1. Does E164 count as assigned to a helix (DSSP H, G or I), among the acidic types (D, E) and under 26 Å from F99 (Cα atoms)?
2. Which of the residues that make up region 49-65 are at pLDDT below 95 and touching a Leu at 6+ places or on another chain (Cβ under 8 Å)?
3. Which residue, of K122, K112, is closer than 21 Å to A170 by Cβ and of a type in the set (K, R)?
4. Is it true that some residue in region 54-75 is outside any strand (DSSP E or B), under 15 Å from the mean Cα position of the chain (by Cα) and small (G, A, S)?
5. I'd like the residue in region 128-172 that is surrounded by 15 or more Cβ atoms within 10 Å (Cβ to Cβ) and hydroxyl-bearing (S, T, Y) and, out of all such residues, is farthest from L93 (Cα to Cα).
6. Just one of (1) touching a strand residue (DSSP E or B) at 6+ places or on another chain (Cβ under 9 Å); (2) farther than 18 Å from D47 by Cα trips up A107, so point out which.
7. Can you name every residue in region 39-78 that is loosely packed, with under 15 Cβ neighbours inside 10 Å, hydroxyl-bearing (S, T, Y) and out of contact with any strand residue (DSSP E or B) (no Cβ under 7 Å at 6 or more places or on another chain)?
8. Give me a count of the residues in region 104-147 that are among the hydrophobic types (A, V, I, L, M, F, W, C) and either touching a Cys at 6+ places or on another chain (Cβ under 6 Å) or over 18 Å from E84 (Cα atoms) (or both).
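The values are calculated or read from the model by the stated rules, or taken from the named source; none is laboratory data. Note that the coordinates shown come from a computational prediction; the quantities given were computed from them, not determined experimentally. Methodologically, a virtual Cβ is constructed for each residue, glycine included, from the backbone with ideal geometry; neighbour enumeration extends over all protein chains shown.
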Amino acid sequence: MSIKHLAVSLCVLVLLGCSEQVGSEAPQNGPKSAYRSIAVVVPRHYDAWVDTLIFESRSEDIGWRAPIGIITCCWREPSGKHAEWQAMPELVLLKWFSFAEQQSYEALIHLKNADEIEEKMKEIAPFESFGEIAEYPRDALVFGLAPGGTVVVWIMNRGENAIEVGRYEATEIETHPEHYREITERYNRDSRDYIEKHGIPIDGW
């Protein structure tokens with residue numbers, strides 16, 4: 001076989017391989033999209049630093065860690081920091097530091113109805129976008145971290161069609177504010193006036 005024929009054959013094989021791979025992938029947009037995401041959010045002016053975020057899916061026998069770091073918004077929106085989706089998690093370990101409270105929290109969340117939640121995420125939840133109705137599933141699993149250690153879990157694609165699927169209370173753990181001194185200084189410059197005026201609402205989440 002000549003070099004020219006060999007090169008053509010290799011190109012054909014590569015193209016066939018690519019077409020098979022693309023054809024086997026589920027769509028990433030539209031009503032039948034297979035796309036899923038996990039987000040962590042906080043209320044505005046109540047920034048947090050997520051030290052630990054670990055997921056475990058017992059049904060898929062898989063566990064993974066997500067690097068999150070600082071979160072600055074936005075309550076009941078799928079627009080916070082995003083973690084990788086590998087499977088529907090049944091267990092979630094969250095540890096975070098609240099800048100407004102100068103307090104660390106830990107929550108071990110057991111999503112007992114994980115299968116039901118995953119099925120609900122596949123349901124179409126229409127929303128208006130640029131004057132037209134868009135039809136997408138609720139593809140985001142969102143964990144909201146509130147002052148006082150409340151964790152609210154939603155599924156949504158927009159805030160207006162969020163469904164609350166769980167509510168949990170974290171516990172206070174040993175805190176080392178000195179580890180976050182530099183970020184706390186920046187946070188105070190941006191939000192301390194608001195906190196002093198409105199206070200820290202521990203209830204109502």
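1. Values: assigned to a helix (DSSP H, G or I): no; among the acidic types (D, E): yes; under 26 Å from F99 (Cα atoms): yes.
No, not satisfied.
2. Passing the criteria: only R58.
3. Details: K122 fails: closer than 21 Å to A170 by Cβ.
Answer to the check: K112.
4. From region 54-75, those outside any strand (DSSP E or B) are 58-61, 66-68, 72-75; that's our starting set.
If we keep only those that are under 15 Å from the mean Cα position of the chain (by Cα) too, we end up with 66-68, 72-75.
So of that shortlist, the ones also small (G, A, S) come out as 66.
There is at least one residue in region 54-75 that is outside any strand (DSSP E or B), under 15 Å from the mean Cα position of the chain (by Cα) and small (G, A, S).
5. Y136
6. (2)
7. S59
8. Within region 104-147, the first condition is being among the hydrophobic types (A, V, I, L, M, F, W, C), and the residues that meet it are 107-109, 111, 114, 117, 121, 124-125, 127, 130, 133-134, 140-143, 145-146.
When the remaining residues are screened for being either touching a Cys at 6+ places or on another chain (Cβ under 6 Å) or over 18 Å from E84 (Cα atoms) (or both), the result is 107-108, 124-125, 127, 130, 133-134, 145-146.
Qualifying residue count for the region: 10.
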